[in-house]
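The values are calculated or read from the model by the stated rules, or taken from the named source; none is laboratory data. Keep in mind that what you see is a predicted model, and the values were worked out from it rather than measured. So basically every Cβ, Gly included, is an ideal-geometry build from the backbone, and we count neighbours across all protein chains shown. For accessibility, only protein heavy atoms count, side chains too; no ligands or nucleic acids. Shrake-Rupley method; radii C 1.70, N 1.55, O 1.52, S 1.80 Å.
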Amino acid sequence: MKTATEKTGLGGLWIVFIIAVIAALPLRVLQYLRVIEVGTGFYTGLHWSIFALFGVLAAAMLLCVILGLARRNRVGYLRDGSRHVAAGLLALLAAASAFYDALLCLNADFGLGLPISLPGQTELAAAETRVILLEGVFGLLAGLFLLLYGISMLSGRSLGGTFYRLLTLAPVLWSIFRMIFRFTRTISYIRVSDLLLEMLMLIFLILFFMALAQCEAQVGDKKIPWKLAGYGLPAALFGLLCFLPRALMIAIGRADVIYAYSTLEYCDLALALFALAIAGSRLIPEAQDKPTVIPVVPETEEAAKD
């Protein structure tokens, strides 16, 4: 991974990501403890940590996109069927989280009676139930894609075919309906920081999965692989920021500061780790992704007689 990252010139993105994670996570924990209203998730007022956090996040987003875009001609996507055990296992973890999210949605929509539920499930409106149904359906398909993708990386066998190419779009649509579901909530996205961070995470996940779909299906994938890092690392940053501080608050008994509709979602962490695994294992120098062409020089009549 280190050698490939150096050759593609994407090392700067990883440095930006690591610095942003180290800076953003403590700031978010501080916000939960000092400036988040109990029960509503609203900011109680202006605080220096608000400006600091969004300054770090804005800088990280811009730098990842700009640095990745600057290297777009040097980055290729690995399609040779090489085995990547760690990335394959994280893909399976992401698949399990997608299946779980789908189960939550279908349980809420069809009333399956399972001992798991979405936050605020009893208060869902008709429009929300339709969105949740579509989120559940595409969550199942996204889980299937991630399962096949993970098996492919573990076995070292490349996948193809029309069905698989169509299946690559499932995580994109799943993320879109996850976002639409949040748009159905009539509340301020600025005052409720949990929702704002989730929306930014889903925007980058949509962009990341769209790039992955193009690379896997080999449709319009020229100068696209850089997006797996340029969008994948910000998606991972927001995913970790949505999951880890909430997990800490629950662990120390301060779950009351978390917005009621933004509880701990395991797919946030699993997809963040998956995006990091793809950015670290599937990007290679562009020259290595092209076959070497050896020119054939026709023999002259004199050379043939000799």
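Structure notes:
- With each label modelled as a point 7 angstrom along the Cα→C-beta vector, the Ile252-Lys222 pair spans 5.3 nm.
- Under the simplified labelling scheme, the His47-Arg165 pair shows an inter-label distance of 5.1 nm, with each label point 7 Å from Cα along Cα→Cβ.
- Area accessible to solvent at Thr129, 1.4 Å probe radius, in Å²: 40 Å²
- Solvent exposure, largest accessible area first (probe 1.4 Å, DNA, RNA and ligands not counted), of Leu276, Leu93: Leu93, Leu276
- Order by protection proxy (mean Cβ within 10 Å, highest first), peptides 234-241, 58-65: 234-241, 58-65
- Rounded to whole Hz, the Karplus (6.51, -1.76, 1.60) HN-Hα couplings of segment 200-217, x for glycine and proline: 5, 4, 5, 4, 6, 5, 4, 5, 5, 5, 5, 5, 5, 4, 5, 5, 6, 7
- Cα centroid of segment 27-45 to Cα centroid of segment 56-112, whole Å: 29 Å
- Computed extension gain for Ile18 through Ile151, at 0.36 nm per residue and net of the alpha carbon distance, reaches 45.0 nm.
- Residues with amide H under 5 Å from that of Ile36, placed H, sequence gap 5 or more: Thr44
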